[in-house]
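**Q** Sharing a structure, written as structure tokens. Questions coming.
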Amino acid sequence: MNHPPIETRPVRLLLSLTMLLGLTLGRTTHAQPPNARIGEAVPRDVREIYDKGLQFLVNTQAKEGGWIGGQTGPGVTGLGLMVFLASGEDPNFGQYSGNVKRAVRSLISEQDKNTGYLGNSMYHHGFGMLGLAEAYGAVDDRRVWPDGTKGRTIGDALELAVRSALTSQKNNSRDAWRYSPNDTEADTSVSGAVLVGLLAARNAGIEVPDTAIDKAISYYTKMTSSSGQVAYSGGIGGFDESLARISIATLVYSIAKRKELPQFKSTLGYLVNKVEFTGSSGFGWVNYQRYYQAQALFQGDVDAWERWNKLLIRQLKSSQQADGSFPGQHGASISTSMSLLSLALNYRLLPIYER
């Protein structure tokens, strides 16, 4: 396959190999197979888009560690944190280490120390938990808090967040999640944010019972039609073409290691058949759709992802603003983070992106 012009970054390559070989503090990661192109130079267009977007996030990060401009909260902070962790720079001593430290500190500070709940929505909780899981083992706790200040460790905060999500699931009639931790109804969008966070935590070494994952996957199978469409909420029925929800289901089936399920095959097949479609579907939040679509295709069909990724690069290059941001209905910070994370599969650095 013909790739765009590339540039090599020896330091980033060394960091990539180091992280994937599990030499980060306190956490063992698992390297991907050689054919996953780990450590290869990233296409120049991707680097330019990503670096420009990183500068926007640097310039708009609040002193407290979150981001300004549009929606705010632990979910936005968790996604922004992941953008920096995926950049290839050393999270403890690299040029963005200060941004990483402030984001981690913000997540822990905003967490309810008794319940473990992050923010005011299970969306925030899920994405915040995912950010903590990706930081766990890569970020040195000793560098998070200023001298003389003692806060919870990343591991402690992550365990609390997991416990909160599990408690919410136990109280839910559908064994999944909706906006509030006390909701008895569920939907496949919120549940995706929480379930991916739980799977990332389990991947990081935090105990997550198999029964919790089994019940959540069972919910998704009930919400998936034989055509591959995925319903939003309620009982069986209400299927429509939402590539975001279809991507979410494909992703959770993949990283929960349920690729043998017929529902996985149907959702992946639907995505692959739409691989040339580059617009938004469902409720129209295209950055959110791309964020999940990139991961779902990468996990399910790398060849399809390669084709789709080329289209994505062209689209993001044309839509990126002069300040490095990407427009979106929920604000530039979260739109920029999700857009950059949809490109981050080109780096292969975040453990949740491993195949």
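**Q** Out of the residues in segment 188-237 that are more than 18 Å from the chain's Cα centre (by Cα) and of a type in the set (D, E, K, R), which is nearest to Q293 (Cα to Cα)?
**A** Per the criteria, the residue is K222.
**Q** Okay, moving on. What are the pairs, 6+ residues apart or on separate chains, where a residue within segment 323-352 that is farther than 20 Å from A244 by Cα has its Cβ under 8 Å from a residue that is surrounded by fewer than 21 Cβ atoms within 10 Å (Cβ to Cβ) and charged (D, E, K, R)?
**A** Once the first residue is farther than 20 Å from A244 by Cα and sits in segment 323-352, its partners that are surrounded by fewer than 21 Cβ atoms within 10 Å (Cβ to Cβ) and charged (D, E, K, R) give G324/K52; R348/R37; R348/E354.
**Q** On the given criteria, is T188 closer than 19 Å to L57 by Cβ, among the hydroxyl-bearing types (S, T, Y) and in contact with a strand residue (DSSP E or B) (Cβ under 7 Å, 6 or more places away or on another chain)?
**A** The answer is no for T188.
**Q** Please go through segment 139-160 and pick out each residue that is surrounded by fewer than 24 Cβ atoms within 10 Å (Cβ to Cβ) and either in contact (Cβ under 8 Å) with a residue 60 or more places away in the chain or assigned to a helix (DSSP H, G or I) (or both).
**A** D140, D141, R142, R143, G155, D156, E159, L160
**Q** Select from segment 41-67 the residues that are touching a strand residue (DSSP E or B) at 6+ places or on another chain (Cβ under 8 Å) and farther than 21 Å from A193 by Cα and list them in ascending order.
**A** A41, V42, P43, R44, L57, T60, Q61, listed by residue number.
**Q** Being under 25 Å from D90 (Cα atoms) and in a helix (DSSP H, G or I) narrows it down to one of S318, S335, S325, so name that one.
**A** S335
**Q** Run N114 past the list (1) more than 19 Å from R143 (Cα to Cα); (2) part of a helix (DSSP H, G or I) and report the number of the one that doesn't hold.
**A** Tallying (1) more than 19 Å from R143 (Cα to Cα); (2) part of a helix (DSSP H, G or I), N114 fails exactly one: (2).
**Q** G126 versus (1) within 15 Å of N182 (Cβ to Cβ); (2) crowded, with 24+ Cβ neighbours inside 10 Å: which is the lone unmet condition?
**A** Exception for G126: condition (1).
**Q** A further question follows. Specify which of the listed residues (Q289, Q263) is crowded, with 21+ Cβ neighbours inside 10 Å, within 17 Å of the chain's Cα centre (by Cα) and either part of a helix (DSSP H, G or I) or on the phi > 0 side of the Ramachandran plot (or both).
**A** Q289
**Q** Here is a follow-up. Collect the residues in segment 104-117 that are closer than 15 Å to E64 by Cβ and not basic (K, R), keeping them in residue-number order.
**A** V104, S106, L107, I108, S109, E110, Q111, listed by residue number.
**Q** Further question on the same structure: Would you pick out the residues in segment 175-204 that are farther than 20 Å from S254 by Cβ and among the basic types (K, R)?
**A** The one that is farther than 20 Å from S254 by Cβ and among the basic types (K, R): R178.
**Q** Within segment 216-274, count every residue that is without any contact (Cβ under 8 Å) to a residue 40 or more places away in the chain and of a type in the set (D, E).
**A** Of the residues in segment 216-274, 1 are without any contact (Cβ under 8 Å) to a residue 40 or more places away in the chain and of a type in the set (D, E).
**Q** Right, another one. Taking only pairs six or more apart or across chains, which ones have beta-carbon atoms under 8 Å, a first residue in segment 89-102 that is farther than 17 Å from D147 by Cα, and a second residue that is basic (K, R) and not in a loop (DSSP other than H, G, I, E, B)?
**A** Note: pairs meeting the criteria are E89/R12.
**Q** If we scan segment 279-286, do we find a residue that is part of a helix (DSSP H, G or I), modelled with pLDDT under 95 and either closer than 23 Å to S335 by Cα or not hydroxyl-bearing (S, T, Y) (or both)?
**A** The answer is yes; a qualifying residue exists.
**Q** Let me ask you something else. Determine which member of the set R348, R355 is under 25 Å from L199 (Cβ atoms) and surrounded by fewer than 16 Cβ atoms within 10 Å (Cβ to Cβ).
**A** R355
**Q** Right, something else. Given the structure, is A165 within 14 Å of G205 (Cα to Cα), part of a helix (DSSP H, G or I), of a type in the set (G, A, S) and modelled with pLDDT of 95 or more?
**A** No, not satisfied.
The values are calculated or read from the model by the stated rules, or taken from the named source; none is laboratory data. Not measured: the values here are computed from a predicted model. Note that each Cβ is placed from the backbone with ideal geometry, even for glycine, and that neighbours are counted across all protein chains shown.
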